[in-house]
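The values are calculated or read from the model by the stated rules, or taken from the named source; none is laboratory data. Fair warning: this is a prediction, and the values are worked out from it, not measured in the lab. Positions of Cβ are generated from backbone atoms using ideal geometry, with glycine treated the same way; all protein chains shown enter the neighbour counts. What goes into the accessible areas is simple: the full protein's heavy atoms, side chains included, and nothing from ligands, DNA or RNA. Shrake-Rupley method; radii C 1.70, N 1.55, O 1.52, S 1.80 Å.
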Amino acid sequence: MEEESTSVESNTANERIKLNVGGKYFETTLSTLRSGGPDSLLFALSNRRSADPNPVFIDRDPEIFSVLLSLLRTSHLPSTARRFSKQELADEALFYGIDAHLRAATAPPPFSGIDASLAASIRPASEGLPSSFAASDSGAVWIAHGGQISGYDSTLTHSGTVRTHLDEIDSICRVWPEIAAIGSMSDPGLHFYNFSGSRHVGSVHWTDPLDPRIFKAHVNAITASENSVFASFDCPHRENCILEVDKTNLRTVNQFARQSGNQAKNMVPAKLTWIPATGVLVGSAVTGGAFGFSGYVRLWDPRSGEVVWETNEPGGSGRSSRFGDSFADVEADVEGLLLFKLCSKSGDLAMADMRFLKDDPWIYLKEKNASLVSCGEVRNSVVHCYRRQVFVSREGGLEVWSRVEQRENVVVRSENDSDAEGFYRRNFVDKSEDSDRGIIKKIEGGGDRLFVSREDVEGIEVWESSRFSGAISVL
């Protein structure tokens with residue numbers, strides 16, 4: 001009986017059904033229609049009485065339906081999909097209830113820096129020079145330009161623009177799916193905007209009734225945890241601190257890391273990163289001048305407000321072996337629990353395991369390829385960690401340091417550890433013509449994409465993995 005029941009179900013699934021879409025006839029199987037999911041319109045149509053001789057009529061575009069039917073059959077978009085815009089495909093897929101299938105088919109493959117190429121460029125319609133941007137895990141991105149925020153969804157289709165009360169936005173962080181926290185160097189306060197409602201929902205200012213010097217405090221960096229938003233503030237006379245804001249009521253719940261700001265080691269943090277696994281906040285500040293770079297890296301415990309580890313350069317950690325080769329930029333790898341710094345004079349990349357921090361925790365990554373060993377002095381650089389890869393820009397060039405696969409689970413605690421050599425390998429991401437477009441100002445990953453902005457260049461670049469990237473590998 002069980003075999004007989006299975007046979008009946010199989011025959012039913014393979015039963016053919018005819019559809020009339022916009023005057024064009026299609027024939028497919030019930031199983032193909034039902035692959036759209038039980039909540040889809042096509043699944044509902046598959047339950048129509050088979051005895052009815054008239055094809056089901058759907059008053060929609062038959063050409064786009066042909067593309068979506070092919071998607072259901074193969075889980076891939078056919079080449080004919082290129083004739084239609086992303087919005088046209090998205091609208092029709094939403095009508096049929098198979099929008100999730102379309103998103104899966106159009107999503108980029110897992111991002112690998114050694115197999116990446118420039119896939120698109122996003123340019124807001126007005127004031128196209130981006131001052132900052134924030135990417136999401138879905139591959140959507142918010143771009144700040146002038147006093148506006150333009151949103152692009154996971155298909156990189158423009159979803160709307162919000163005009164804020166600020167003249168310029170220098171920092172932006174996605175704290176909820178539709179709520180952005182923004183700050184400006186020209187206007188005081190941390191401000192929250194609801195993107196879907198295009199409205200201002202609140203502001204937070206740093207004030208101190210006992211200290212009249214605390215006024216017009218600007219935001220320099222923003223990051224968010226599951227329950228809180230952290231923002232670094234500084235005043236015109238350089239006094240600075242970090243405020244913790246409750247995400248539910250947008251009220252300040254904590255203040256810590258207050259300092260005078262009169263020295264490089266007391267500058268306002270220009271970069272903040274929350275580490276969920278350890279519950280610490282990583283902050284860094286770097287300044288450069290005629291005598292080189294100087295700055296600090298600190299880890300705070302927001303619950304106590306205390307510093308749990310820090311290093312200052314020049315001086316402090318690294319004095320014995322790398323004194324004078326201060327970092328030009330610092331980044332935290334949230335997934336790998338690692339810190340990375342780019343040395344300003346040698347151009348070397350170093351890492352430190354946040355689980356084993358000490359006075360001098362840095363391991364300097366070694367490159368055996370003769371054509372890549374010498375990097376030289378760094379002037380304009382950005383370091384960003386994404387998908388356990390380290391992306392480094394030097395002027396306009398973009399490179400990636402990838403973890404050696406067979407050493408994925410090795411923990412390196414000192415530079416003398418034999419496992420330190422060859423722990424990462426360096427490769428170029430871009431081609432020479434890519435690097436000529438301008439100095440890279442910011443890099444951020446999200447949704448298996450890498451977003452890049454350049455100095456005095458309108459819009460931002462979108463990099464994705466591709467079989468046709470033409471990436472140069474030295475592994």
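Residue separation times 0.36 nm, minus the C-alpha to C-alpha distance between R388 and A107: what's the value?
On the way: separation 281, 0.36 × 281 = 101.16 nm, distance 1.99 nm.
Extra length from R388 to A107 when fully extended: 99.2 nm.
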Here the gain from full extension of D99 to S186, 0.36 nm per residue of separation minus their alpha-carbon distance, amounts to 27.1 nm
For the range 67-179, the convex hull over Cα atoms projects on average to an area in nm² of 8.7
Largest first and rounded to whole Å, the semi-axes √(5λ) derived from the alpha carbon gyration tensor of the range 210-299 read 23, 18, 9
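Please give the FRET efficiency for F291 paired with S85, using the beta carbon to beta carbon distance and R0 = 56 Å, rounded to the nearest 0.05.
Details: r = 54 Å, r/R0 = 0.96.
Computed FRET efficiency for F291 and S85: 0.55.
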One point scatterer per Cα, no solvent, Debye formula: log10 I(q)/I(0) for the chain at q = 0.06, 0.07, 0.09, 0.11 Å⁻¹ comes out as -0.35, -0.46, -0.71, -0.96
By accessible area (1.4 Å), largest first, T164, T155 order as T155, T164
Of the accessible area of the range 14-123, computed with a 1.4 Å probe and all protein chains kept, carbon and sulfur make up a percent value of 50
Computed over the chain: longest principal axis from alpha-carbon atoms vs helix 2-13 long axis, angle to nearest 10 degrees, is 90
For the range 344-358, Karplus-derived ³J(HN,Hα) couplings (6.51, -1.76, 1.60; θ = phi - 60°; whole Hz; x for glycine and proline) come out as 6, 8, 7, x, 6, 9, 10, 10, 9, 7, 5, 7, 9, 6, 8
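Determine the per residue accessible area of the chain with all protein chains present and a 1.4 angstrom probe, expressed in square angstrom. Present the calculation step by step, with values, prior to reporting the outcome.
Working: 22720 Å² over 475 residues.
With the other protein chains kept in place, the chain gives 48 Å² per residue.
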Reported to the nearest 10 Å², E395 has, with a 1.4 Å probe, an accessible area equal to 70
In deg cm²/dmol, rounded to the nearest 500, the helical mean residue ellipticity at 222 nm of the chain, built from -39500 (n - 2.57) for every DSSP H run of length 4 or more, is -3500 deg cm²/dmol
Under the 7 Å Cα-to-Cβ spin-label approximation, R73 and H158 lie apart by a distance in nanometres of 3.6
If one compares the long axis through the Cα atoms of helix 86-96 with the longest principal axis of the Cα atoms of the chain, the angle in degrees, nearest 10, works out at 50
Given backbone amide H placed at 1.01 Å from N, residues whose amide H is under 5 Å from that of A224, ignoring those fewer than 5 places away on the same chain, are F230, W274
